Amino acid sequence: QGAHIIVTPEDGIYGWRFTRESIYPYLEDIPDPVVNWIPCTDPSRFGPAPVQERLSCMARSNSIYVVANIGDKKPCDSSDPGCPGDGRYQYNTDVVFDTQGKLVARYHKYNLFVVESQFNYPKESQAVTFETPFGKFGIFTCFDILFYDPAVVLVSKMQVDTVLFPTAWMNVLPFLTAIEFHSAWAMGMGVNVLAANTHNTSMEMTGSGIYAPAGARTYSYNMKTEDGHLLIAELDAHPRLSPAFLPAVSWNSYALSVEKFSQNDREFTGIIFEDPFTFTELTKPGGNLTVCQKDLCCHLRYKMAEKRDDEVYVLGAFDGLHVIEGQYYLQICTLLKCPSTNLSTCGEPVEMAQTKFEMFSLSGTFGTSYVFPEVLYSGVQLAPGEFKVM
């Protein structure tokens, strides 16, 4: 179908649930790309490399860039104080082969997820980039996207056009569903993101997409069947140069200029993913609300088509350290639906909604320039082109 590059998911070749020992037979020695190596034509140069050979030949015979997630092994000895007891480092690794089948990028995952005990952390993060005739690419893996290093570094310091993102992403509503967060990251950082997610509904893994800074070009979300899905789309090779590109947004300037709207006394605390949010209910069909927590104030202007009795919406704010499955500071402003009319359920996952909003504007006094605007529709669907970032 004329594609220039194909991205495949994290753990897509081997699967998961490994110990260090059980994954070892699958690992290959993956050299630094400076060695100028085409595994397809010289397969045994660095020892047995059947997986790299196969990937290299796929790229070469189809004249296409191929991106895959595999495992690297590097021997070490007692002269290295960090050397594991079994005498080797094992890395969760992305590889990229160009149209000739040459190895052009190797990336060792820096932010391992809590269950990846079969792999080692690299000693330092790598900002891995490579140039193509159709733009400058950077690469990182899954959990990396929630951290400054290397994800933000690649975009802000290395100026990549497109991020390659193999992932095995477990969806967590309301904020961390794959299509929602990955599309928001592309928009917030002003880059294309090619996000290939493993599809395994028993582990809540689904949702791949090809995301441009203005919104998704195509995406797939399917929790009903085990059928995979191939996504194809056309992107601007240099999105920053396209006429539609938004210059850097000053995220808090609008919110700082807003007088606090009436803060009603009906604020309450709700828990989302173990984080305590301050909530206030939208009791009227339209109006202005403010809710604050610590340094963060969230302002909402909205108008519902009609105020339904069977659905409750809240405005929420969270400003603090998130500590579940990794630690990072978050500031979140959210307008969300509660699963029932019982306010104690607010923040729990919900997939369907009937209320129509004619408009809403959400802003926050964020203390960071890295802000990721998410909009998720009923049925866990994106809304490309339906909202603006200003």
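The values are calculated or read from the model by the stated rules, or taken from the named source; none is laboratory data. Just so we're clear, the structure is a prediction, and the values are computed from it rather than from any experiment. No Cβ is skipped: glycine too gets one built from the backbone with ideal geometry, and neighbour counts run over all protein chains shown. The area values use the complete protein model at the heavy-atom level, side chains included, leaving out ligands, DNA and RNA. Shrake-Rupley method; radii C 1.70, N 1.55, O 1.52, S 1.80 Å.
With respect to Asp149, determine if the residue is buried (at least 21 other Cβ atoms within 10 Å of the Cβ) and more than 26 Å from Thr19 (Cβ to Cβ).
Details: buried (at least 21 other Cβ atoms within 10 Å of the Cβ): no; more than 26 Å from Thr19 (Cβ to Cβ): yes.
For Asp149, the condition - buried (at least 21 other Cβ atoms within 10 Å of the Cβ) and more than 26 Å from Thr19 (Cβ to Cβ) - is not met.
When you scan the stretch 178-207, how many residues do you find that are closer than 28 Å to Pro243 by Cα, touching a Gly at 6+ places or on another chain (Cβ under 9 Å) and not in a helix (DSSP H, G or I)?
Residues in the stretch 178-207 being closer than 28 Å to Pro243 by Cα, touching a Gly at 6+ places or on another chain (Cβ under 9 Å) and not in a helix (DSSP H, G or I): 6 in total.
Among the residues of the stretch 142-164, how many are closer than 21 Å to Arg217 by Cα, under 12 Å from the mean Cα position of the chain (by Cα) and in contact (Cβ under 8 Å) with a residue 40 or more places away in the chain?
Within the stretch 142-164, residues that are closer than 21 Å to Arg217 by Cα, under 12 Å from the mean Cα position of the chain (by Cα) and in contact (Cβ under 8 Å) with a residue 40 or more places away in the chain number 3.
Go through the stretch 241-256 and give me each residue that's within 30 Å of Cys338 (Cβ to Cβ) and among the small types (Gly, Ala, Ser). Spell out the reasoning first.
Step one: of the stretch 241-256, the residues within 30 Å of Cys338 (Cβ to Cβ) are 249, 251-252, 254-256.
Of everything in the stretch 241-256, just one residue is within 30 Å of Cys338 (Cβ to Cβ) and among the small types (Gly, Ala, Ser), namely Ala255.
So which strands (runs of 3 or more DSSP E) are wholly in the stretch 309-390 and hold at least 2 residues that are open to solvent by 30 Å² or more (accessible area, probe 1.4 Å)?
Answer list for the stretch 309-390: 328-337, 357-364.
Quick one: which of Glu374, Glu311 is modelled with pLDDT of 95 or more and under 22 Å from the mean Cα position of the chain (by Cα)?
Of the residues listed, the single one that is modelled with pLDDT of 95 or more and under 22 Å from the mean Cα position of the chain (by Cα) is Glu374.
Can you find a residue in the stretch 244-260 that is at pLDDT 95 or above and of a type in the set (Asp, Glu)?
The answer is no; no qualifying residue exists.
Name the single residue that is surrounded by the fewest Cβ atoms within 10 Å (Cβ to Cβ) among those in the stretch 93-129 being free of Cβ contacts under 8 Å to residues at least 40 places away in the same chain, of a type in the set (D, E, K, R) and farther than 14 Å from Asp11 by Cα.
Glu124
Only residues in the stretch 25-36 that are assigned to a helix (DSSP H, G or I) count as the first member; pair them with residues that are among the aromatic types (Phe, Trp, Tyr) and at pLDDT below 95, Cβ under 6 angstrom, at least 6 apart or cross-chain, and list the lot.
Matching pairs, first to second residue: Tyr26/Tyr14.
Just a yes or no: is a residue in the stretch 220-237 surrounded by fewer than 21 Cβ atoms within 10 Å (Cβ to Cβ) and in a strand (DSSP E or B)?
yes
Conditions: (1) at negative phi; (2) surrounded by 18 or more Cβ atoms within 10 Å (Cβ to Cβ); (3) in contact with a strand residue (DSSP E or B) (Cβ under 8 Å, 6 or more places away or on another chain). Pro43 meets all but one. Number of the miss?
If we test Pro43 against (1) at negative phi; (2) surrounded by 18 or more Cβ atoms within 10 Å (Cβ to Cβ); (3) in contact with a strand residue (DSSP E or B) (Cβ under 8 Å, 6 or more places away or on another chain), just (3) comes out false.
For the stretch 285-308: of the residues being more than 26 Å from Leu330 (Cβ to Cβ) and of a type outside the set (D, E, K, R), which is surrounded by the fewest Cβ atoms within 10 Å (Cβ to Cβ)?
Ala305
Do we find that Glu274 is of a type in the set (D, E, K, R), in contact with a Ser or Thr (Cβ under 8 Å, 6 or more places away or on another chain), assigned by the TED database to the domain that holds Val323 and open to solvent by 40 Å² or more (accessible area, probe 1.4 Å) in this structure?
Taking the combined requirement at face value, the residue does not satisfy it.
Please go through (1) out of contact with any strand residue (DSSP E or B) (no Cβ under 8 Å at 6 or more places or on another chain); (2) closer than 21 Å to Thr201 by Cβ for Ser156 and return the number of the only condition it doesn't satisfy.
All conditions pass for Ser156, except number (2).
Restricting the first residue to the stretch 270-284 and requiring it to be more than 12 Å from Ile332 (Cα to Cα) and in a strand (DSSP E or B), which pairs with a second residue that is of a type in the set (Ser, Thr, Tyr) and open to solvent by 30 Å² or more (accessible area, probe 1.4 Å) meet a Cβ separation below 8 Å and a spacing of at least six or different chains?
Taking only residues 6 or more apart or on different chains, the pairs are Gly270/Ser344.
Checking the condition part of a loop (DSSP other than H, G, I, E, B) and either within 24 Å of Thr129 (Cα to Cα) or open to solvent by 50 Å² or more (accessible area, probe 1.4 Å) (or both), which residue from Gln1, Gln90, Gln52 passes?
Among Gln1, Gln90, Gln52, only Gln1 is part of a loop (DSSP other than H, G, I, E, B) and either within 24 Å of Thr129 (Cα to Cα) or open to solvent by 50 Å² or more (accessible area, probe 1.4 Å) (or both).
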